[in-house]
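The values are calculated or read from the model by the stated rules, or taken from the named source; none is laboratory data. The structure presented is a predicted model; accordingly, all values stated were derived computationally and were not measured. These accessible areas exclude ligands, DNA and RNA; they are computed on the full protein's heavy atoms, side chains included. Shrake-Rupley method; radii C 1.70, N 1.55, O 1.52, S 1.80 Å.
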Amino acid sequence: MFYISTEAPLPLAAAARLVPPGRNGKRCHLSTILRWILTGAKAPDGSRVKLEGLRIGNRWMTSREALQRFAARLTPRLDSTAPAGARTPARRRRDSERAAAELERGGM
């Protein structure tokens with residue numbers, strides 16, 4: 001959560017204008033910012049990362065700093081040697097089949 005005393009609150013409509021255009025040059029929609037607050041977005045390691053937000057009355061707010069932290073957590077570290085992340089179901093199935101075949105060849 002961000003703190004109003006240290007960061008300037010930013011309405012979600014203003015936050016959406018700060019996000020660069022995506023596909024086909026379309027701007028980020030306010031509902032996208034709200035979804036990032038409520039359910040988050042998938043990080044490179046497969047975890048969920050939520051945008052820090054605060055509800056004031058009937059309005060949601062975030063901050064420029066919160067957007068920056070959100071983007072930083074979603075950006076993959078290209079210099080790290082950590083594993084890529086969660087395997088897809090197809091990759092898990094192939095790995096399982098490969099392991100079963102190796103066990104069969106080994107007589108187990």
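Taking Rh as the Kirkwood radius, which is the inverse of the mean 1/r over Cα pairs, what is the Rg/Rh value for region 1-95? My calculation of the ratio gives 1.06. Ordered from largest to smallest accessible area (heavy atoms of protein chains, 1.4 Å probe), the residues LEU103, LEU54 come out as LEU103, LEU54.
Element breakdown for region 1-64 at a 1.4 angstrom probe: carbon and sulfur atoms account for 56% of the accessible area. Rounded to the nearest 10 square angstrom, LYS50 shows an accessible area of 110 square angstrom against a 1.4 Å probe.
Protein heavy-atom accessible surface, 1.4 Å probe, per residue over the chain: 75 Å².
Roughly how tilted is helix 89-106, in degrees to the nearest 10 and between 0 and 90, from the longest Cα axis of the chain? It works out to around 20 degrees. Helix 64-74 and the long axis of the chain differ in direction by around 10°, with both axes built from C-alpha atoms.
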